[in-house]
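First up is the structure itself, then whatever we jot down about it.
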Amino acid sequence: MTTTSPSAPGTDTPALAVEGLCVDLTTPSGTVRAVDGVSFSVRRGRTLALLGESGCGKSMTALSVVGLLDPAASVTGGAVRVRGDDTLRMSPAQRRKLAGPVLSIVFQDALTALNPVQPVGRQIGEPFRIHRGLSRRQALEEAIELMTRVGIPEPRQRARSYPHQFSGGMRQRLLIAMAVALAPDVLIADEPTTALDVTVQAQIMRLLRDLQDERDMAVVLITHDLAVVAQRADDVVVMYAGTVVENGPVHDVFDAPRHPYTRGLLDSVPEDSVRGRPLPAVPGSPPELSAVPSGCVFQARCPMVRERCVQERPSLRTTGDGRTAACHFSEELARV
Amino acid sequence: MSESRATTATSGPYADDPRESPPLLEVRGVTKTFGSGRRRLTALDGVDVRIGRGQTLGLVGESGCGKSTLARVLLGLERPDAGTVRFDGTDPFALRGKDLLAWRRRVQMVFQDPFASLNARMSAAELIGEPWRTHRDVVPDAKAREKRVRELLSLVGLRESDAHRYPNEFSGGQRQRIGIARALALDPDLIVCDEPVSALDLSVQAQVLNVLSELRTRLGVTYVFISHDLSVVRHISDRVTVMYLGKVIEQGDTEDVFERPQHPYTAALMSAAPVLKPSRDARRREIHLQGEIPSPFDIPTGCRFRTRCWRAEDLCASQTPPVVTRGTSDTAEPHTALCHFPLEAESAWA
Ligand SMILES: Nc1ncnc2c1ncn2[C@@H]1O[C@H](COP(=O)(O)OP(=O)(O)O)[C@@H](O)[C@H]1O
Ligand SMILES: Nc1ncnc2c1ncn2[C@@H]1O[C@H](COP(=O)(O)OP(=O)(O)O)[C@@H](O)[C@H]1O
Ligand code: SF4
Ligand code: SF4
Ligand SMILES: [Mg+2]
Ligand SMILES: [Mg+2]
């Protein structure tokens, strides 16, 4: 599909490249590292999934990229390159200019992400007023067109309604409409369908796919659902305790994981299971941020753990074409 | 009460033949509405369900279809407007006083949110033993209670030393184990699990599913297992009941329903759920359902699924669909669906 050769300048630059991102979090009991050296990149037209269990730092990573981190958290290292420029070095005003036309985010909870006391047509039209200087009337027309595009029935009438007057699925469509209004290069979707029923989830996923194709967007899809990743993403970044433990093309990674955690997650899916037979579960649960061990982050739950894992944190090493994993013994997984 | 439990648990000549053994629970024509006048909604509409002893019944359907309401009826917490509930032959809604208390002990619940459902100020041991305060005769003396708490902790895969820890010291999966131990404290016949693993991460979800399966093997517990996750339901259930807008629209043995769904909604639900390995279901086909679930205040005439059904015809709007049964000789209970134009067994469904 992508036929860009390395020699063609410009075309190969990722739409978004996150490099060694670190985020610290101030808590009552001290500072903890919530995101620890996360790197990934995604090109236009491609979908990258950030996969991991709750609390592993997916949302913090996303919020750092769009500059919407909570005051308790701060980026302490790394770079977030958009069209090649590091946004972390930009002024707040410069960054605000990117929000919408270049980078955009869809949150899980549309009800809190939308303004409850403003008609939705106004909200969806707002980016056009701010970034393109359209009049209120013109912005409303654009909003209605977008509402039509994302599948809101009777958009002209519904533009006057308030967020709570829509179903969960329709609100998510509204949020998506707002996020794609200015045709961003990169759309980050943080668990966009987690709260929705499957038939509605499928509709929203198709909508996102269609919009991505139409607008040639890069999509960063944040999810804890392996099946969603398998179905929807090109590449996957598996996170654990604030770090990237494995990274690569989805099919390669899911077919033959090179990190015991990825392997454990895949085995835990009850899809191929035999009824009545125990599922191969990963024992224990992820560490608290304040108690992430100094060696391998996964050591407490890893079936392959040994002395070296306790002593030394494994760095991400190449394990195949376009693939990396942070495990001292990933070759052993390759053999089984 | 404990007498009758002992006799029914070893149901003699029927024990191995589910076809003959009377169901532990039988629900017939249960209807439940909420509100009144124009604001009356029908949460359950003529629901029939049978659950055999030791079986696990999976209950699936999108939010608002009535799963939790049915669970509350089974627990005796919600009285149906119409229809009957028979638990081991008894109508729980006819019981009073001591009899009701004795019955309550036999049916327990595990909730979705282990954080919200546990009192933060009680230790694990206190939480697990709390039901004994109401049901005093189950484990009468303090020494025996301590011992039983330790047994229960180990049954659900926790350590004895966990007895004196508090909910905030436990992870989500551990709290759910405490919730399960607490449900087990009264040695129930039936445990209703309402989305018990939905709030848990995948790796932890597998642990909790394993605990539930093991308890079934070891103690012979019967489960009603509610989940919106089809692969979880497929893993754990012997039979599956699919609901839509308050009605059971399909019911049958798990593999029958998953492999050969009859109702278009069931097929659509399965098609919509993303799967890790699409190749497993070679006959899978994409069904794109339009629209969302209609309001329960305004249920469509005829077949309630018709506003989203890709097979709908005029008949579906004017006439309530019949119950269709696909015979399978070797199963105890038939595979039924509510549809004018059910899918063929051999059709590529989803
Ligand atoms: N505003 C906050 N204050 C304190 N801790 C937070 C805050 N936001 C996130 N955290 C903590 O940071 C870690 C990473 O969180 P998050 O990025 O939201 O995880 P994910 O999105 O992967 O579930 C978690 O341990 C979470 O508890
Ligand atoms: N106590 C109640 N009062 C009014 N309506 C209720 C009540 N409980 C449930 N409902 C309604 O009944 C329907 C079924 O709800 P529920 O059984 O919770 O569905 P599910 O568990 O399948 O999501 C929904 O429309 C819900 O809003
Ligand atoms: S480095 Fe050691 S503990 Fe970590 S994942 Fe690899 S084998 Fe397991
Ligand atoms: S009765 Fe008609 S509308 Fe209802 S499910 Fe069957 S085909 Fe569809
Ligand atoms: Mg998150
Ligand atoms: Mg419910």
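The values are calculated or read from the model by the stated rules, or taken from the named source; none is laboratory data. Since the structure is predicted, the reported quantities are computational estimates derived from the model, not experimental observations. Note: ideal-geometry Cβ built from the backbone for every residue, glycine included; neighbour counts use all protein chains shown. All accessible areas refer to the heavy atoms of the entire protein, side chains included, with ligands and DNA or RNA removed. Shrake-Rupley method; radii C 1.70, N 1.55, O 1.52, S 1.80 Å.
Residue under question is residue A:331, and the condition is that it be away from chain B (no Cβ under 14 Å) and open to solvent by less than 10 Å² (accessible area, probe 1.4 Å); does it hold?
Considered against the rule, which asks whether it is away from chain B (no Cβ under 14 Å) and open to solvent by less than 10 Å² (accessible area, probe 1.4 Å), residue A:331 comes out as no.
Looking at segment A:164-183 only, could you name the residues that are in contact with a Lys or Arg (Cβ under 8 Å, 6 or more places away or on another chain) and either more than 18 Å from residue B:291 (Cα to Cα) or of a type in the set (D, E, K, R) (or both)?
The answer is A:180, A:182, A:183.
Quickly run through segment A:243-294 and pick out the residues that are of a type in the set (Asp, Glu) and more than 16 Å from ligand 3 (Cβ to nearest atom).
Hits for segment A:243-294 are A:252, A:255, A:271, A:272, A:288.
Which numbered condition in (1) over 15 Å from the mean Cα position of the chain (by Cα); (2) open to solvent by 10 Å² or more (accessible area, probe 1.4 Å); (3) of a type in the set (Ser, Thr, Tyr) is the only one that residue A:243 fails?
Evaluating residue A:243 over (1) over 15 Å from the mean Cα position of the chain (by Cα); (2) open to solvent by 10 Å² or more (accessible area, probe 1.4 Å); (3) of a type in the set (Ser, Thr, Tyr) leaves (1) as the failure.
Filter segment A:70-107 down to the residues that are within 13 Å of ligand 5 (Cβ to nearest atom) and open to solvent by 20 Å² or more (accessible area, probe 1.4 Å) and list them by number.
Hits for segment A:70-107 are A:70, A:105, A:107.
Can you tell me how many residues within segment B:33-68 are open to solvent by less than 30 Å² (accessible area, probe 1.4 Å) and without any contact (Cβ under 8 Å) to a residue 60 or more places away in the chain?
The qualifying residues number 1.
From the list A:165, A:172, exactly one residue is crowded, with 22+ Cβ neighbours inside 10 Å and within 14 Å of chain B (Cβ to nearest Cβ). Which is it?
Exactly one of A:165, A:172 is crowded, with 22+ Cβ neighbours inside 10 Å and within 14 Å of chain B (Cβ to nearest Cβ), namely A:172.
Only one residue in B:29, B:89, B:97 is surrounded by fewer than 20 Cβ atoms within 10 Å (Cβ to Cβ), away from ligand 2 (no atom under 14 Å from the Cβ) and more than 29 Å from residue B:135 (Cα to Cα). Which one?
Being surrounded by fewer than 20 Cβ atoms within 10 Å (Cβ to Cβ), away from ligand 2 (no atom under 14 Å from the Cβ) and more than 29 Å from residue B:135 (Cα to Cα) holds for just one of B:29, B:89, B:97, which is B:29.
From the list B:72, B:39, B:50, exactly one residue is more than 13 Å from ligand 6 (Cβ to nearest atom) and within 16 Å of the chain's Cα centre (by Cα). Which is it?
Testing whether each residue is more than 13 Å from ligand 6 (Cβ to nearest atom) and within 16 Å of the chain's Cα centre (by Cα) leaves just B:50.
Could you check, for segment B:146-159, whether at least one of its residues is within 30 Å of residue A:199 (Cβ to Cβ) and either part of a loop (DSSP other than H, G, I, E, B) or within 14 Å of chain A (Cβ to nearest Cβ) (or both)?
no
Take the residues of segment A:193-224 that are within 16 Å of ligand 5 (Cβ to nearest atom) and modelled with pLDDT under 95: which is nearest to the other protein chains (Cβ to nearest Cβ)?
A:224
So residue B:262 ticks every box in (1) within 13 Å of another protein chain (Cβ to nearest Cβ); (2) touching a Lys or Arg at 6+ places or on another chain (Cβ under 9 Å); (3) crowded, with 20+ Cβ neighbours inside 10 Å but one. Which box is left unticked?
The single condition residue B:262 does not satisfy is (1).
Please determine whether any residue of segment A:225-236 is in contact with an Asp or Glu (Cβ under 9 Å, 6 or more places away or on another chain), within 11 Å of another protein chain (Cβ to nearest Cβ), among the acidic types (Asp, Glu) and under 24 Å from residue B:209 (Cβ atoms).
Yes, because at least one residue in segment A:225-236 is in contact with an Asp or Glu (Cβ under 9 Å, 6 or more places away or on another chain), within 11 Å of another protein chain (Cβ to nearest Cβ), among the acidic types (Asp, Glu) and under 24 Å from residue B:209 (Cβ atoms).
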